[in-house]
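Encoded as structure tokens, the structure appears first; notes follow it.
What follows draws every value from the coordinates through simple rules; no lab data is involved. What you see is a predicted model; the values in this text were computed from it and never measured. So basically every Cβ, Gly included, is an ideal-geometry build from the backbone, and we count neighbours across all protein chains shown.
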Amino acid sequence: MKDKLTKEEVLHVADLARIEVTEEEIEKYQVQLKQLLNDVEKVNDVVGYDDEIMVAPWDDNTTLREDVSGEMLDPKKVVENAPNHTGNYIAVPVVIGENESEGA
Amino acid sequence: MSKYIPTIGIEVHVELKTNTKIFSNSVNGYGQMANSLTNVIDLGYPGTLPTLNEEVINLGIKAATVLNCKIRREMNFDRKNYFYPDNPKNFQITQNATPIGYDGYVEIDDNGEKKKIYIEEMHIEEDTCKSTHRADKTLLDFNRAGVPLIEIVTKPCISTPEEAKLYLEKLKELLFYTDVSDCKMEEGSMRADANISLRKSESDPLGTKVEIKNIGSISNVKLSLEKEMARQEEMLDKGEEFKEQTRRFDSKLNDTVLMRVKETGNDYRYFPEPDIPTVIITDEMINSVKKTIPMLPDERREKYLELGLSEINAKKIVQNRSLSDYFNCLLDSNINHQTGANLLLGDISEYLNKHEKSITDTTLTKERFIELVNKITDKTISSKNLKDILSKVMEETSSIEEIIKSSNISNITDTSKIEEVIDNIISANPESVSDYKNGHDRAIKFLMGQVMKETHGGVNPAIAMSILKDKLDK
Amino acid sequence: MRYLDKPIKEINDLLKEKKIKPIDLVNEAFDSIEKNKNLNAYITLNKEEAIKRAKELEDVDADNILFGLPIAVKDNMMTEGLRTTAASGILKDFVPIYDAAVVEKIKEANMIIVGKTNMDEFAMGSSSRTSYFGAPKNPWNNDKISGGSSGGSATTVASGDVLFALGSDTGGSIRQPSSYCGLVGMKPTYGTVSRWGLIAFASSLDQIGPMTKNVYNNALILNLISGHDSRDLTSSKKEKEDYTRLIGKDISGMKVAVPNYFMSDIVSDEVKEKIEDTLKILEKAGVQIDRVDMKYLDNAVNLYQIIAMGEASSNLARFDGIRYGSSVDDTTNIYELYTKTRAKYFGEEVKRRIMVGSYLLSGENAKIYYNKALSIRDDIKKEFDRIFKEYDFVIGPTTVTTAYNLDDPMDDPSKSFMDDVLVIPVNMAGLPGLNIPVGLSKEKMPIGMHIIGNRFEEAKMYQLASFLEKEINFEGGM
């Protein structure tokens, strides 16, 4: 087992997590992240368990909410905590390239 | 015919018609002041947790039912992780592993040929917020964040752009009729993405897939697929290769435009949503939802044809849900349904459009409508008469009989007056009278025309004709 | 003698009889907080508001036992109008616009919040040293850590500032600092306390619980904060119960399982000896003690790493500098806004964990690691179910050593997980776990026993703990 991630691997996970990393940090993470990954690698040695999974120790199934509206925020309150806003809108640097989110 | 076979799949997002959002109790609304329909959940504030709107599950069951899907009885939600400013938590709560509906189909009618468009799956998820792009910044309005959506994904089984259009029309009709969604493409409550690949023969592997995102209307889906087919054909003919990519349809350019080339598969890091325990769908829930499903469009059209409506009229009534619902109340009543349909689609529709009303906003009750249809059928009212009394019919509550009486129409159905007019015309046109007696059918039409002219069209033509015939045949 | 040092029932009588006022207690609390300022237990004090509230309460009847009593709240629970940071630079100026469910309950009971306690950043750590605001110190020895992540809560209760503090426990963050600081700390059954308003670290593991100097006070706070909340779908619908009801009752005939792994050589001799001594006390009282083997306990830390880091990477994605929180303002594109904001305002431990978490969920890894972890997690729960068919409790030490030095190195990324090796299995299975102090080390640092109960059996755990509390009489120790 190698004891370091490659620089590219660190850059890849930093991109996934949207964290900028300096050259110095990359070196540090090459070792530290690899150590954590070596830790979790040990689950592959575990045997004897069944296929059922537990997402969370839920006590009940979901109880659905009635479709009745409740209190909403004043738009002024919505923008108050935002670092940047224009009128009632929250503002971000111009999003170029894509018109719509990938997800929806 | 093209020498390539297209394989098309369609993904549709529809916003569900609920009072509140999927995971919070703020209002699901459109066209309101920016950021006025939000709470801490919609904004992804730290410490907030989702709850699950009952109506979303009901509408999901409803949609799954009318799309002939199997309904999953035990389902979970998943997190789809990606950073984007319109995505407040930077993950979207969706259903990846256990979509509510799967293995369904929608039947389309392509020029008399029936075909099933198969549905791979349909799942429930939350909408993103709305971004407005300015020159120097992007503005975010979270009113749409958390609006419930269902995404409906077909199998890659659509063979032509026309089929794609027919599928979308059918889908829209079904979801609109069942009140699952408004299906307003112009307001974004229905959005379509299409993907298409070409190959030379059925036995070839599928060609390179191109996805066309966020197409603004059903006709543009067809158009963009046609354009995209032409573009790909040209490239394939030249032997050019292209990468899997995402394009959008530019309605100004009337063509598809490249958005991005897919480098690697998107890495959404799906995992089960721990904040929403398993959702159980019981028989009871399904049965109570099924009770709320009205007669579906196909069945309506069939019924109307059985009642003798023309195909075009049957289709037209179904296109207008409130008219169709109204008409359905009359299915069992003893009236001439063709006359009723003509009336609804003609003068009444014209009136409703002009006054921007729905038929249920008028005073035309079922009983009065039946009376009106019968008066037309027995020719008590002519089409000219109807135009004169229509506003009274639609706005007053007295019976049609009374309206006829209080209008001038009652005078003209007075036979003595008609006889007087006819007598005068017969004596003034001896030539036509003798023509008639010599067997020239055209003569009676001329005489009838004179009667109408004299009475300014205010006479009941059936009554006038029968009197005229009586007198001539004497 | 301060009023705050009297038994809670006496304080309540004095309030009822209007012999003292809530402000007297609030003043005592802030005098103590001031005196212990160097311990760095708090990120934000709520002095002005607390005094104002205490004065308002002068006209209100003391209608419940917790009325007018000061309490400290961990800084990862929303307090409307009072800064809430989760000890992170990214929320260093964040003022919430709503209250957490537990905070609502505190306010409804007319308790008085004195401040927000220090912690590991986003509760990620075991020594509270990952706090943006510097680490709190252990009142028993100021060169030692008070544990984590609820270190500030442990510090302020142990130093006598307040009778109670709320902590949160994802992988031991209530029990481990309680052990290091000699407190009673309860991590209730998952679903007992609403998580509405708790900044999520790992949603399937997080649970809020009380930290106090004695068992009775602990049960009182659990009485207050437990109960169903429709805003949290994972909140249990079990009826409310009185967690004090079994305190002081006979424990003879109870059965305890001690897993061999919990007493293996991962635990220091000194801690092991003290636990053995305590087990003898129980045996003498008629409790049956059996040594058992349990599967998967030694895998729990690795499973926890996968699940907690995976969930955290997703839960912390929302801190992007757009809707709230700190933000780097000189960026020209959205990608930079994300990467620079998160690089600047997240600390080392948090960055490491969310990077690894993102990696563990990406592409095929979700299958290789995450799904496998969920699968083994289910078997850990089944293993506990098997034991609880025969036994009332599973018992061991809470921590492998006593609190270590504040200046011990922090460069080993596995260390913060291994500190919690004995308490993590409880979170994996969603069970309740309680630390009860059972003695001191040679260095005069507290040693704690970990009592694990079956789901929703907190009352019985308090019963056992109250017996030990009486037998050992730890509280006079410091």
Restricting to the protein assembly as shown, what percent of DSSP beta bridges are antiparallel, rounded to 5? 80 percent
Helix-derived [θ] at 222 nm for the protein assembly as shown: sum -39500 (n - 2.57) over DSSP H runs of at least 4, divide by residue count, nearest 500? -11000 deg cm²/dmol
Honestly region C:329-450 on the Cα gyration tensor test (a ≥ b ≥ c root eigenvalues; a/c under 1.5 rounded, otherwise a/b vs b/c for prolate or oblate) is just oblate
So what's the angle, to the nearest 10 degrees on a 0 to 90 scale, between helix B:218-237 and the longest Cα principal axis of chain B? 50 degrees
Only sites in a loop by DSSP and with at most 10 other Cβ atoms within 10 Å count here; which trypsin sites (Lys or Arg not before Pro) in region B:272-301 make the cut? B:K291
Describe numerically, in nm with one decimal, the distance between label points set 7 Å from Cα along Cα→Cβ at B:L331 and at C:M1. 8.5 nm
By Cβ neighbour count within 10 Å, fewest first, C:S127, C:S314 rank C:S314, C:S127
Rounded if a/c is under 1.5, else prolate if a/b beats b/c, else oblate: with a ≥ b ≥ c from the C-alpha gyration tensor eigenvalues square-rooted, which is region C:24-123? oblate
Degrees separating the helix B:161-177 axis from the principal Cα axis of chain B, which is the longest one: 80 degrees
Can you pull out the GluC sites (Glu not before Pro) in region B:124-203 whose DSSP state is coil and whose Cβ has at most 13 other Cβ atoms within 10 Å? B:E202
With both bridge residues required to lie in chain C, what share of the DSSP beta bridges run antiparallel, to the nearest 5%? 65 percent
Between the Cα axis of helix A:23-41 and the main Cα principal axis of chain A, the angle (0 to 90°, nearest 10) is 70 degrees
Which of the trypsin sites (Lys or Arg not before Pro) found in region C:11-98 are loop residues per DSSP with 14 or fewer other Cβ atoms within 10 Å of their Cβ? C:K18, C:K19
Over 27 Å (Cα to Cα) among B:K316/B:K469; B:K165/B:K315; C:K16/C:K52; B:K291/B:K315; C:K52/C:K116 -> B:K316/B:K469
About its Cα centre, how strong a charge dipole does region B:415-473 have in debye, to the nearest 20, once Lys and Arg get +1 and Asp and Glu get -1 at the Cβ? 160 debye
Given a Förster radius of 56 Å and the C-beta distance between C:S230 and B:E454 as r, what FRET efficiency does 1/(1 + (r/R0)^6) yield to the nearest 0.05? 0.10
Rounded if a/c under 1.5, otherwise prolate or oblate - the protein assembly as shown, Cα gyration tensor axes: prolate
Using the charge dipole of region B:353-434 (Lys, Arg: +1 at Cβ; Asp, Glu: -1 at Cβ; taken about the Cα centre), state which of B:H355, B:V373, B:L390 has its Cα farthest towards the positive end. B:H355
Quick one: C:S236, C:S441, fewest Cβ neighbours within 10 Å first, how do they rank? C:S441, C:S236
For B:T128, B:T65, C:T399, B:T360, what ranking results if the residue with the fewest other Cβ atoms within 10 Å of its Cβ goes first? B:T360, B:T65, B:T128, C:T399
Given the pairs C:K37/C:K415; C:K280/C:K470; C:K74/C:K280, which span a C-alpha to C-alpha distance of over 26 angstrom in this model? C:K37/C:K415; C:K74/C:K280
In the structure shown, do any of C:K272/C:K389; B:K184/B:K222; C:K55/C:K107 have a Cα-Cα gap over 23 Å, and if so which? C:K272/C:K389
Using +1 on the beta carbon of Lys and Arg, -1 on that of Asp and Glu, and nothing else charged, what's the dipole of the protein assembly as shown about the Cα centre, debye to 20? 620 debye
Placing +1 on the Cβ of each Lys and Arg and -1 on the Cβ of each Asp and Glu in chain C, which of C:L222, C:N333, C:N435 has its Cα farthest towards the positive end of the resulting dipole? C:N333
Starting from the Cα of B:K89, draw a straight line to each of the lysines and keep only those under 16 Å, dropping any in the same chain fewer than 8 residues away. B:K21, B:K80, B:K130
